[in-house]
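Q: Dumping the structure here so I can ask a few things about it.
The values are calculated or read from the model by the stated rules, or taken from the named source; none is laboratory data. Being a predicted model, the structure only gives us computed values, none of them experimental. Neighbour counts are summed over all protein chains in view; Cβ atoms, including those assigned to glycine, are modelled from backbone coordinates with ideal geometry. Note: areas computed on protein heavy atoms with side chains; ligands, DNA, RNA excluded. Shrake-Rupley method; radii C 1.70, N 1.55, O 1.52, S 1.80 Å.
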Amino acid sequence: MKTNLLNFDLNNLTQYFSEIGEKPFRAKQVMRWMHQSGVADFDEMTDLAKSLRSKLNENACVIVPDLITSQQSSDGTRKWLLDVGTGNGVETVFIPEAERGTLCISSQVGCALECTFCSTGRQGFNRNLTAAEIIGQLWWANKAMGVTPKNERVISNVVMMGMGEPLANFDNVVTALNMMLDDHGYGLSRRRVTVSTSGMVPQMDRLKEVMPVALAVSLHASNDMIRNEIVPLNKKYPLKELMAACRRYLEKAPRDFVTFEYVMLDGINDKAQHAHQLSELVRDVPCKFNLIPFNPFTNSGYNRSTNESIRIFRDILQQAGFVVTVRKTRGDDIDAACGQLAGQVKDKTRRQQKWQQIVAAERRS
Ligand code: SAH
Ligand code: SF4
């Protein structure tokens, strides 16, 4: 079987070239062709010797996931569905803003962590994406949009906030992050690449050591009782441990704060008392808040908090001295908002049925 070079960061690629008897600088050349020029055919890599090209053609390949669909929202948000085999798709979303362009990348097909308000979580876990499939999302988006006429980079930021829990696919995510940051890859700054986690404490500690990029933590609750319900992982790593892990992470983080994401669920976690409790909870962690109005999906069983509750919640946090943003819902018309990414996960039907039963039972009680 041929080796897919898109799975390799610069270190791995350099090792590969030394194994096939080639000089280390070849790795940099090939890296730039693949990622900066979007070239997947060795014969187009014109500054490689013919003999090397034929050696690569024999032993290696550059395989990016196939593009299934590409959609554009009326607000400029774009979404790509990529084929990752056996009927599975992953989604990638680009969100243009005045000052930056953010690409939201998926790390897994489905997710095993089963947060109750998340459409990906409801599908269950199918499999980890390979490093090539993770970076392939940036590869496609970069190819589709390239640079502006003024030669400015269109994608300035990457957030790992698509489908899946990035820290549950640690090694492949770190390899992909390496490619994003590498000057011969996408050359993004550590501060502009964010990993979002639902709170996998040991992996947060590992990330801090090997690849301290910006960190977002999906908090979503002000106490363990509520969080155990809506983010089941909390039973394993409760809030006290999570807060301590955030503090440890900040020792090495490229930014001096953690972003806490907080999905606003009507009547569940959005009352004034929760906002007060939240500001106590995070007292010792330098942080900013990002309130995410819940994005509904079929049979979710939840409602989005009212604008009034969100405003009151935000004001309480601001009065307590925190920087708070309320996330604008983007790409509504193409189902590209947070938590709505679905792809085409195989066991979707079974999961959907299971959840429909649970929601129906809750309604009855
Ligand atoms: N697994 C990671 C990253 C992917 S989810 C994590 O949980 O952090 C990115 C963000 O969207 C998380 O904060 C997640 O909790 C939030 N989210 C999930 N479903 C949502 C929904 N239906 N509405 C709004 N936000 C949602
Ligand atoms: Fe997984 Fe994140 Fe969704 Fe939770 S919110 S189920 S961790 S993708």
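Q: What span do the alpha-carbon atoms of segment 47-128 cover on each of the three principal axes, reported in whole Å from largest to smallest?
A: 54, 35, 20
Q: Then there's this: Rounded to whole Hz and in sequence order, give me ³J(HN,Hα) for segment 84-96 from the Karplus expression 6.51 cos²θ - 1.76 cosθ + 1.60, θ = phi - 60°, writing x for Gly and Pro.
A: In residue order, the calculated couplings are 10, x, 5, x, 9, x, 10, 10, 10, 10, 10, 10, x Hz.
Q: If a helix is a whole DSSP H run, which ones in the chain reach 30 Å or further along their own axis (Cα) and hold a mean Kyte-Doolittle hydropathy of at least 0.0?
A: For the chain, where a helix must reach 30 Å along its axis and average at least 0.0, there are no hits.
Q: Also: Find out how many positive minus negative residues lie around Leu6, taking Lys and Arg as positive, Asp and Glu as negative, among other residues whose Cβ is under 14 Å from that of Leu6.
A: Around Leu6, the surrounding residues sum to -2.
Q: When Lys and Arg each count +1 and Asp and Glu each count -1, what net charge do the other residues less than 10 Å away from Leu239, Cβ to Cβ, add up to?
A: Summing Lys/Arg as +1 and Asp/Glu as -1 gives 0.
Q: Cα-based Rg of segment 192-302 per 2.2 N^0.38 Å, rounded to two decimals?
A: 1.05
Q: For segment 265-335, run through the trypsin sites (Lys or Arg not before Pro) and keep only the ones in DSSP coil with at most 13 other Cβ atoms within 10 Å of their Cβ.
A: The qualifying sites are Arg283, Lys328.
Q: Thr197's amide H: which non-local residues (gap 5+, or another chain) put their own amide H closer than 5 Å, with H modeled 1.01 Å from N in plane and none for Pro or chain starts?
A: Ala216, Val217, Ser218
Q: If you don't mind, another one. For segment 66-356, compute the number of Lys pairs whose alpha carbons are separated by less than 27 Å, excluding pairs fewer than 8 positions apart on the same chain.
A: Taking the Cα cut-off of 27 Å, the pair count is 29.
Q: Which one of Phe8, Ser54, Ser18 has its Cα pushed farthest toward the positive end of the charge dipole of segment 3-61, where Lys and Arg give +1 and Asp and Glu give -1 at the Cβ?
A: The residue sitting farthest along the positive end of the dipole is Ser18.
Q: Towards the positive end of the charge dipole of the chain, with charges on Cβ (+1 Lys, Arg; -1 Asp, Glu), say which of Asn178, Cys246, Ile316 has the farthest Cα.
A: Ile316
Q: Still on this structure, I have one more. Suppose only helical runs count, i.e. DSSP H with n ≥ 4. What mean residue ellipticity at 222 nm does that imply for the chain under -39500 (n - 2.57) per run, divided by all residues and rounded to the nearest 500 deg cm²/dmol?
A: -10500 deg cm²/dmol
Q: May I pose another question? Could you tell me the distance between the Cα centroids of segment 181-209 and segment 247-289, to the nearest Å?
A: 19 Å
Q: Which value, in Å² and to the nearest 10, is the accessible area of Thr306 when all protein chains are kept and the probe is 1.4 Å?
A: About 70 Å², ignoring ligands and nucleic acids.
Q: What size of dipole, in debye to the nearest 20, comes out for the chain about its Cα centre when the only charges are +1 on Lys and Arg C-beta atoms and -1 on Asp and Glu C-beta atoms?
A: Here the chain has a charge dipole of around 300 debye.
Q: Follow-up. How much accessible surface area, in Å² rounded to 10, belongs to the heavy atoms of Leu250 with a 1.4 Å probe?
A: 30 Å²
Q: Give me the percent relative contact order of the chain, please, defined on Cα pairs under 8 angstrom at least 6 residues apart.
A: Over the chain, the number comes to 17 percent.
Q: For the chain, count all C-alpha to C-alpha pairs, find those more than 36 Å apart, and express that count as a whole percent of the total.
A: 23 percent
Q: Then there's this: Per residue, how many Å² of accessible area does the chain show with a 1.4 Å probe?
A: Here the residues of the chain average 45 Å² of exposed surface.
Q: Checking the cross-link filter: which aspartates and glutamates have an alpha carbon closer than 19 Å to that of Lys50, excluding same-chain neighbours under 8 positions apart?
A: Glu19, Glu22, Asp41, Glu58
Q: So how much accessible area does Lys236 have, in Å² to the nearest 10, using a 1.4 Å probe?
A: Accessible area, nearest 10 Å²: 130 Å².
Q: Let's see if you can work this out: charge +1 on each Lys and Arg Cβ, -1 on each Asp and Glu Cβ, no other charges. What is the dipole magnitude of segment 3-61 about its Cα centre, in debye to the nearest 20?
A: 180 debye
Q: From the Cα gyration tensor of segment 3-61, with a ≥ b ≥ c the square roots of its eigenvalues, which class applies: rounded if a/c is under 1.5, or else prolate if a/b is larger than b/c, or else oblate?
A: rounded
Q: Follow-up question, since we're still on this one. Search the structure for amide H atoms under 5 Å from the amide H of Ala60, placed 1.01 Å from N in the peptide plane, and list their residues when 5 or more places away or on another chain.
A: Close amide H contacts, sequence-distant or interchain: Thr3.
Q: Just to confirm a number: summing +1 for Lys and Arg and -1 for Asp and Glu over residues other than Val39 whose beta-carbon lies under 15 angstrom from that of Val39, what do you get?
A: So the surrounding residues net to +1.
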